[in-house]
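The values are calculated or read from the model by the stated rules, or taken from the named source; none is laboratory data. Keep in mind it's a predicted model, so treat the numbers as computed, not measured. Don't worry about glycine lacking a Cβ; one is built from the backbone with ideal geometry, like all the others, and counts go over all protein chains shown.
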Amino acid sequence: MKLYSTKNIDHIVDLEEAVINSLAPEGGLYMPCELQPLPESFWSDFYNRSFQENSYLVCSHLFDGYIPENILKDIVYEAINFPAPLVRMSDTNIYSLELWHGPSLAFKDFGARFMSRLMSYFNRNNDSDLTILVATSGDTGGAVAAGFYDTPGIEVIILYPSGKVSALQEKQLTALGKNITALEIDGTFDDCQALVKQAFLDKSLNKQYRLSSANSINIARLIPQSFYYFEAIKQLGPTKEPITISVPSGNFGNLTAGLIAKRLGLKIDQFIAATNINNIVPKYLETGIYEPKPSISTISNAMDVGRPSNFDRMMALYRSTWNDIKQDISGAFYNDDQNKTIVKAIHNSHQYVADPHGALGYQSLIDVNSDGNNIFFETAHPAKFLDVMDEVLGSGNTPVPKRLALLKDKEKVSISLDTSYNSFCEWLKERKT
Ligand SMILES: *Cc1c(COP(=O)(O)O)cnc(C)c1O
C-alpha cells in the first residue's frame, strides 16, 4: 500500500513509514494513493458477514497484500472486538450508530486499538521497544492508554496537565499501569505539547529511544474508522432510499473516514458535518471560504477545534473543488443552549440519552429533513459528560456503565514533573539506565 503527502503528491511512502512517522514533511498528511471500489465478491455476502469479517475484507482491499493476510486478520479482529449497534429512534427514520462500546467509551477506541496493533507488528524485528509520547488535554489520552495497554514492544508515556483534566479522565490515564506511564505536568496542555515536540527534535534522546506519536492525524487511526460506516449500512439492510449520515465533528477524522468508505463503493448519498460553534467547516461549505480561528470552549468539548487537521485530507479527496465537496457534504452547527435543548428533546421524544456530541448529529438530520434513511453517530457514551447530562436531564437519568463506575475506586499512579525540558529529559534518561 502506497500513500502520498497532502503537501506534495510526489512524496510517496509505504504504509510502515506513514504509520511510524505520522506526519509527512512540512506538516503534510498521508493519504492512500489508490481508493479503488471493492470487488463484486465483497458485496455478494456483505449483509451476512460479521462486523469483524467485513472490516478485515475492507482493510485487506486497502492494504493490498502489504501485510500477510493471517496477521492482518488478527490485527483487525483484535482491534474491532466490540460492537457498534444501530439503534432506531422510536417512530422515526433516524438511527443512532453507537460507537462507544469500547474500553474508553468513545469512537476513538477503534482507531487507537488498530494503530497499537499495527505499530506493534511493524516493530516486531526490533529488540528495543517503541516509545509513544502523547500530550493530552483529556480524551485522546484515555483512548490511547486503553488502546495500547499491554501491547507487546510498545511503551506509552502520557503527559497531562495537572488539575486540568476531569477526575474520570485522570483515572483513565493513570490507573492502568503495565506499559502505560502517566506524567503529571505542573502546567498547561500547551506545556505538555511543547515537551513532546522538543523530545522529537532532540537528537541525543532519539538515539536512546525509538520515539513515535499516537497523533490523531496518523493514517492508522483513520482507516479503521471507515469500517463502522460499512457496519452501519449493513445493519440498516438493503434499501433503495437515500442514506444520509451525520457526523459530529471536530478534527474531521471521522467524516474523512466516511468519504473514504464512499470511495470504496459504500452507498452513502449525503454526509452532514455537524459542529458546535467552532463552525469552520460548515462555514466553508456555505461560502467556499476556509477561515481557521482560535477554538472556543463548549459543552461538546471534543469538537472544540478551530483548525481542523483533516481538512487537508478532505481537500485532497475532492481536489479542492468546492462545488464537488458541497454535493456530498452539507453543514450544520449549534450553540450550547441549543445543544442542551436538543439533548432534552431526544430524551423526551425517544427515551434515548444522547451525549452532547451525538445530539448535534441527531438535530442536523431533523433540520435537513430527508425522507430516506438517516443515521447519526453517537461518538461517546453520555456518562463521560455527566456534569452536563445531569444539569440537562436531572441526576439519575444518565446510566453510568460499570467500567466507568469501577474506575472511581482504582488507584491513581502518576509521576509529577515541572514544565522544564531538562526535568523531563532527566527522567527519561534515568529510567533507561
Ligand atoms: C474526537 C471526538 C469527536 C470529533 O471527532 P473528529 O474525528 O475529530 O471530527 C466527536 N465526538 C467525540 C465524543 C470525540 O471524542
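Scanning the range 73-101 for residues that are modelled with pLDDT under 95 and not hydroxyl-bearing (Ser, Thr, Tyr) yields a count of 1. Only a single criterion out of (1) assigned to a loop (DSSP other than H, G, I, E, B); (2) modelled with pLDDT under 95; (3) among the hydrophobic types (A, V, I, L, M, F, W, C) is not satisfied by Phe385, namely (1). Among residues of the range 241-253 being touching a Ser or Thr at 6+ places or on another chain (Cβ under 7 Å) and within 13 Å of the ligand (Cβ to nearest atom), the one that is farthest from Asn374 (Cα to Cα) is Asn251. Among residues of the range 116-146 being of a type outside the set (Ser, Thr, Tyr), out of contact with any strand residue (DSSP E or B) (no Cβ under 6 Å at 6 or more places or on another chain) and not in a helix (DSSP H, G or I), the one that is farthest from Asn374 (Cα to Cα) is Asp127. Considering only residues in the range 170-188 that are among the small types (Gly, Ala, Ser), part of a loop (DSSP other than H, G, I, E, B) and under 24 Å from the mean Cα position of the chain (by Cα), the one that is farthest from Val156 (Cα to Cα) turns out to be Ala175. Ser120 meets all of the listed conditions (1) under 21 Å from the mean Cα position of the chain (by Cα); (2) more than 19 Å from Arg210 (Cα to Cα) but one, namely (2).
Here's the yes/no breakdown for (1) out of contact with any Asp or Glu (no Cβ under 7 Å at 6 or more places or on another chain); (2) buried (at least 18 other Cβ atoms within 10 Å of the Cβ); (3) farther than 27 Å from Ala383 by Cα:
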residue: Val134; (1), (2), (3): yes, yes, no
residue: Ser137; (1), (2), (3): yes, yes, no
residue: Ala145; (1), (2), (3): yes, yes, no
residue: Ile158; (1), (2), (3): yes, yes, no
residue: Glu170; (1), (2), (3): yes, yes, no
residue: Lys197; (1), (2), (3): yes, no, yes
residue: Leu205; (1), (2), (3): yes, yes, yes
residue: Ser213; (1), (2), (3): yes, yes, yes
residue: Tyr228; (1), (2), (3): yes, yes, no
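Taken together, the residues in the range 176-201 that are out of contact with any strand residue (DSSP E or B) (no Cβ under 9 Å at 6 or more places or on another chain) and in contact (Cβ under 8 Å) with a residue 40 or more places away in the chain amount to 2. Taking residues in the range 1-17 that are within 17 Å of Met119 (Cα to Cα), and partners anywhere that are among the aromatic types (Phe, Trp, Tyr) and surrounded by 15 or more Cβ atoms within 10 Å (Cβ to Cβ), the pairs with Cβ atoms closer than 6 Å and at least 6 places apart or on different chains are Met1/Phe63; Leu3/Tyr30; Glu16/Phe122. Identify all residues within the range 161-174 that are closer than 15 Å to Ala135 by Cα, in contact (Cβ under 8 Å) with a residue 40 or more places away in the chain and out of contact with any helix residue (DSSP H, G or I) (no Cβ under 6 Å at 6 or more places or on another chain); write none if there are none. Within the range 161-174, Ser162, Glu170, Thr174 qualify.
Within the range 405-423, is there a residue that is within 23 Å of the chain's Cα centre (by Cα), away from the ligand (no atom under 16 Å from the Cβ) and in a loop (DSSP other than H, G, I, E, B)? No: the range 405-423 contains no residue that is within 23 Å of the chain's Cα centre (by Cα), away from the ligand (no atom under 16 Å from the Cβ) and in a loop (DSSP other than H, G, I, E, B). When the range 39-67 is filtered for residues that are closer than 20 Å to Val13 by Cβ and either among the hydrophobic types (A, V, I, L, M, F, W, C) or touching a strand residue (DSSP E or B) at 6+ places or on another chain (Cβ under 8 Å) (or both), the ones remaining, listed by number, are Cys59, Leu62, Phe63, Tyr66, Ile67.
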